[in-house]
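The values are calculated or read from the model by the stated rules, or taken from the named source; none is laboratory data. This one's a predicted model, so the numbers in the text were calculated from it and none came from an experiment. Positions of Cβ are backbone-derived with ideal geometry, glycine not excepted, and every protein chain shown enters the neighbour counts. Surface areas here come from the heavy atoms of the whole protein model, side chains and all, with no ligands, DNA or RNA. Shrake-Rupley method; radii C 1.70, N 1.55, O 1.52, S 1.80 Å.
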Amino acid sequence: MCGISGVLRADADSDRVVEAMQRSLAHRGPDGEGMERFSWGTIAHRRLAIIDLSATGAQPMWDVTRSICIVFNGEIYNFAELREECLRRGRTFRGSSDTEVILNLYLLDGAAAWARLDGMFAFCLVDARSDNAFLVRDPMGVKPLYVAERGGEIAFASELGALVSAGYGDRGVDPAALQAYLQLDYVPGPMSMLQGVRKLVGGEELRVGADGRTSTRRYASWQSDDEVPRSLDDAVTEFDALMESAVRRQLVADVPVGLFLSGGIDSTIVATMATRVSTEPLHSFSIGFDEPSFDESHWFDLVAKQLGTIHHRKIVTAADAIELVPRIASVVSEPVADGSIFPTLLLCRFAREHVKVVLSGDGADELFGGYPTHGYRTAARALTRFPRFVRRAMAGLADAVMPVSFENLTPGYKARKFLGGLERDPVMRNHRWLGTFDPSALPELVSHWDASRQPQLEHLLHDASARVRRRGDLEVLLRDDQRFYLQDQVLVKVDRASMAYALEVRPPFLTEAMVGFAGSLPRRLKVRGAIHKRLLREWCARRYPREISGRPKKGFGSPLGEWFRGPLRELVGDMLSSEVVARQGLLQPAAVNRLVEEHWRGAADRRKEIFNLLMLGLWLDDVAPSVRSGSLSGKQPMVR
């Protein structure tokens, strides 16, 4: 796990630009740094040493013939098998790193090598023989890669903030990305928050030719579009074997490896399998809250005791969150309004005191149907048969009857979110349930609202699930969640929080075999009636009492609703004041002020809206401090 950056097809001044990006990415790689210069550009690396801690694992890395050079971020889980194959086919290695495997596999198979890599990765590979370069991101988008093109030169980096620090993104905020962020709580790839900068999406390769021309292709997809019939028993057996293989591979490291443990079934499965295959006691790490409706201490203590891990837990308070606020925008680098960023940061900092790598349960909900929204679809389909005025009356009744509460996932909160999404088609309904602002609220909120951009966003969101529509609403929602919510919110949050403390997080659910297996499962093995993640619950039920295997999903939220009315009230008042909002120039101060006042009075629960706007405001003042309303049209430079 590392940080990479570079400039391709650039002039001799590229060193200065890349050095600025390197400084910005120092937190991602405290164990070393390196830079390689070519006649047409520079590539650089910040190292977090996990496998092959010696100098032979340092980057930028050349193959033994000095034909190919790479800067690489991530881990290749099947590197041992690929290494053996390369040796059989006559290749030579200097060291034992997974990075060197990519170099040798490319020399044997060319760009077809990417599709054979099972792991989480983003890299730039330069072929010095042809002067071609390849920018590549893993199929599930676990590791980030941003690209900026300007005047024929192409810059890339692991984080958006690194490109900003080097003067890219100077065309200002992308209005389409802003409108998408307000709705979704994140910026969906390939967009970024800045014009002129894009994200490579999962499974994408950007080729930069010797003539400076670029081409993009989707080189791999791990998802299965076709269903494979299986019995529940057969599926449990197959899942067990796949998870054991994934965890066994991901425990490979030359540094200590631990476990995140939430008390939910996803991390419980990973921890159970890790303790099964590990030959040494494993450390586990958990975060609890002093607010009871958010706290899961009882559950993760129960699991840790049963597994016999060396368990470490920490209780989070509002004071802990306040401590993080000054650096939160620079940590996330691009706005992501996920309230669990605070406990995730604290958990990563806590774990890093003991280990350098942890395994997590990320991806299980999106693959196997773990969110309440996956079960809402049946009720939503039934209610859409009622006339619109009846549905609107039901939404109004929910607001009138159900009391405002700032606890975690209350019935009133769920009812309001559910009823608020009924007017949308299944894909947009899913984003309305998970996101924050409805498009109908944006003309009043956004200073430069452009209605023509909404159809573009909806086309992007619908396109991700087009191939599985024939399999029904559930598979559509799962594919949609994998492509956007998982890739652009959940994994972004985990990557930034872990890299802030130089901790590598590995998700065993997000391997090639597991993703393909989950995609091929019949719907009844994922969600059946009120049972979510049926297959995973069945696996747990055969090993744990019902109080663990039958627990409903709670989520890893934080009590922002109360914090915004108490210890974080002053921060909200300052950052979302009319003066600050007007100075930043993107939003209407009156609309923002109304939302804040409603929350403070207890008239409505506006925690999501406030956090969405707060993260945007903090980012504008920290990462992109010179953005003004004029930059929305590209008229005013942002950072130089």
Any residue that is farther than 28 Å from V494 by Cα and open to solvent by 60 Å² or more (accessible area, probe 1.4 Å) - is there at least one of those in segment 535-543? yes
Could you grab me the full set of residues in segment 259-309 that are among the aliphatic types (A, V, I, L, M), at pLDDT below 95 and open to solvent by 20 Å² or more (accessible area, probe 1.4 Å)? L302, L307
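Considering each of R391, R381, R385 in turn, give the residue that is in a helix (DSSP H, G or I), of a type in the set (K, R) and either modelled with pLDDT of 60 or more or under 21 Å from P522 (Cα atoms) (or both). Break it down stepwise before answering.
Details: R391 fails: either modelled with pLDDT of 60 or more or under 21 Å from P522 (Cα atoms) (or both); R385 fails: in a helix (DSSP H, G or I).
Residue meeting the stated conditions: R381.
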Inside segment 203-223, can you point out the residues that are open to solvent by 30 Å² or more (accessible area, probe 1.4 Å), of a type in the set (S, T, Y) and part of a loop (DSSP other than H, G, I, E, B)? S221
Output for segment 211-242, where each listed residue is basic (K, R) and under 24 Å from G141 (Cα atoms): R217, R218
Does at least one position in segment 237-258 carry a residue that is modelled with pLDDT under 95 and buried (at least 23 other Cβ atoms within 10 Å of the Cβ)? no
Meets criteria (assigned to a loop (DSSP other than H, G, I, E, B) and open to solvent by 10 Å² or more (accessible area, probe 1.4 Å)) for A111: no
So which residues in segment 116-161 are among the small types (G, A, S), in contact with a Pro (Cβ under 9 Å, 6 or more places away or on another chain) and either free of Cβ contacts under 8 Å to residues at least 12 places away in the same chain or closer than 24 Å to S67 by Cβ (or both)? A122
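Output the residue which, of all residues in segment 1-29 that are part of a helix (DSSP H, G or I) and over 30 Å from L359 (Cα atoms), is most open to solvent (accessible area, probe 1.4 Å).
Pass one, segment 1-29, residues part of a helix (DSSP H, G or I): 14-24, 26-28.
Narrowing further to those that are over 30 Å from L359 (Cα atoms): 14-20.
On the way: S14: 8, D15: 37, R16: 140, V17: 17, V18: 0, E19: 76, A20: 17 Å².
Ranking the qualifying residues of segment 1-29, first place goes to R16.
Test G375 against the stated conditions and say whether it is farther than 19 Å from G141 by Cα and not in a helix (DSSP H, G or I). Can you show your working first?
Working: farther than 19 Å from G141 by Cα: yes; not in a helix (DSSP H, G or I): no.
Judged against the criteria, G375 is not a match.
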Out of segment 568-605, which residues are without any contact (Cβ under 8 Å) to a residue 24 or more places away in the chain and crowded, with 17+ Cβ neighbours inside 10 Å? P589, L595
Residue under evaluation A398, criteria (1) buried (at least 17 other Cβ atoms within 10 Å of the Cβ); (2) within 24 Å of the chain's Cα centre (by Cα); (3) modelled with pLDDT under 65, criterion not met: (2)
In this structure, does G339 turn out to be touching a Gly at 6+ places or on another chain (Cβ under 6 Å) and either in a loop (DSSP other than H, G, I, E, B) or under 30 Å from A157 (Cβ atoms) (or both)? yes
Need pairs with beta-carbon distance below 7 Å; first residue closer than 25 Å to A321 by Cβ and assigned to a loop (DSSP other than H, G, I, E, B) and within segment 536-560, second open to solvent by 60 Å² or more (accessible area, probe 1.4 Å) and modelled with pLDDT of 80 or more; sequence gap 6+ or separate chains. none
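Yes or no, residue by residue, for (1) open to solvent by less than 30 Å² (accessible area, probe 1.4 Å); (2) over 22 Å from G3 (Cα atoms):
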residue	(1), (2)
T65	no, yes
E81	no, yes
C86	yes, yes
R94	no, yes
T99	yes, no
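Of all residues in segment 310-330, which are open to solvent by 10 Å² or more (accessible area, probe 1.4 Å), β-branched (V, I, T) and in contact (Cβ under 8 Å) with a residue 60 or more places away in the chain?
Kept after step one, since they are open to solvent by 10 Å² or more (accessible area, probe 1.4 Å), are these residues of segment 310-330: 310-315, 317-320, 322-323, 325-327, 330.
Applying the additional criterion that residues be β-branched (V, I, T) yields 310, 315, 317, 322, 325.
I322, V325 - these are the residues of segment 310-330 that are open to solvent by 10 Å² or more (accessible area, probe 1.4 Å), β-branched (V, I, T) and in contact (Cβ under 8 Å) with a residue 60 or more places away in the chain.
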Can you name the number of the only condition in (1) small (G, A, S); (2) assigned to a helix (DSSP H, G or I); (3) open to solvent by 10 Å² or more (accessible area, probe 1.4 Å) that A451 fails? (2)
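I'd like the full set of residues that are assigned to a strand (DSSP E or B), open to solvent by less than 30 Å² (accessible area, probe 1.4 Å) and under 22 Å from D481 (Cα atoms), limited to segment 192-202.
Going residue by residue through segment 192-202, those that are assigned to a strand (DSSP E or B) are 194, 197-199.
Narrowing further to those that are open to solvent by less than 30 Å² (accessible area, probe 1.4 Å): 194, 197, 199.
Result: K199, single match.
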